[in-house]
Amino acid sequence: RVKHLRLVTGVAGLMWIVCPSRSKVLGKSLKPLHESQIDPSFKNLFRQLAGADMEISVTELQTILNRIISKHKDLKTDGFSQEACRSMINLMDTDGTGKLGLTEFHVLWEKIKRYLVRFDVDKSGTMSSYEMRMALESAGFKLTNHLFQLIILRYTEADMAVDFDNFVTCLVRLETMFKTFKNLDTDGDGQISLNFVQV
């Protein structure tokens with residue numbers, strides 16, 4: 001048994017250290033909806049965005065999100081990368097298609113709207129490290145100081161500010177990590193043991 005789960009992300013090269021006994025996701029999760037519960041105007045929008053296959057790919061998601069945030073002139077952002085959009089799809093893709101269907105995209109969209117509310121309390125267009133910590137705690141992530149320092153190093157710009165796309169990417173990856181840990185923690189004691197292949 002190990003008290004700490006240590007993972008290394010292949011692309012970002014960032015070592016994550018999580019204390020699951022202290023790091024419980026406390027924020028409200030969004031419940032999956034049936035298609036009949038989704039607003040008709042949102043369904044129409046989805047049909048226009050998704051195209052003939054009625055699913056949104058990584059490239060399509062990147063185009064959609066970057067168009068949306070470009071309209072928010074108050075936000076400083078470099079735009080969402082394909083890597084970030086792939087992380088979002090990995091988190092939300094419940095049927096294993098590698099794309100987002102209507103309900104999956106709806107849940108993601110609601111998440112992003114919630115992230116937007118937590119972003120940039122002082123209306124500067126970016127987040128300070130203090131705002132970042134408060135936002136992560138508000139989202140339900142209780143992190144060790146060491147992990148938070150690593151997150152700041154990974155997601156801040158040269159001026160130590162966090163822009164919106166980096167903020168969303170960080171939250172999505174954290175949620176994916178906690179979701180994975182919860183699935184592996186079958187007895188719910190906050191500890192897991194992994195062999196080399198699983199890591």
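Here are the numbers for the structure shown:
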| quantity | calculated |
| --- | --- |
| Answer residue from the range 131-150, given it is in contact (Cβ under 8 Å) with a residue 60 or more places away in the chain and part of a helix (DSSP H, G or I) and is surrounded by the most Cβ atoms within 10 Å (Cβ to Cβ) among those | Leu147 |
| Any chance Arg22 is exposed (fewer than 12 other Cβ atoms within 10 Å of the Cβ), closer than 20 Å to Ser138 by Cβ and at pLDDT below 80 | yes |
| Residue that is of a type outside the set (Asp, Glu) and closer than 18 Å to Glu157 by Cα, where the choices are Ser87, Ser70, Ser124 | Ser124 |
| Residues of the range 83-123 satisfying the condition of being among the β-branched types (Val, Ile, Thr), part of a loop (DSSP other than H, G, I, E, B) and touching a residue at least 24 places away in the same chain (Cβ under 8 Å) | Thr94, Thr97 |
| Residue among Leu108, Leu116 that alone is within 24 Å of Gly79 (Cβ to Cβ), buried (at least 20 other Cβ atoms within 10 Å of the Cβ) and under 14 Å from the mean Cα position of the chain (by Cα) | Leu108 |
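The values are calculated or read from the model by the stated rules, or taken from the named source; none is laboratory data. This structure is a prediction, so every number in the text was calculated from the model and none was measured. Heads up, the Cβs are rebuilt from the backbone with ideal geometry, glycines too, and the neighbour counts pull from every protein chain shown.
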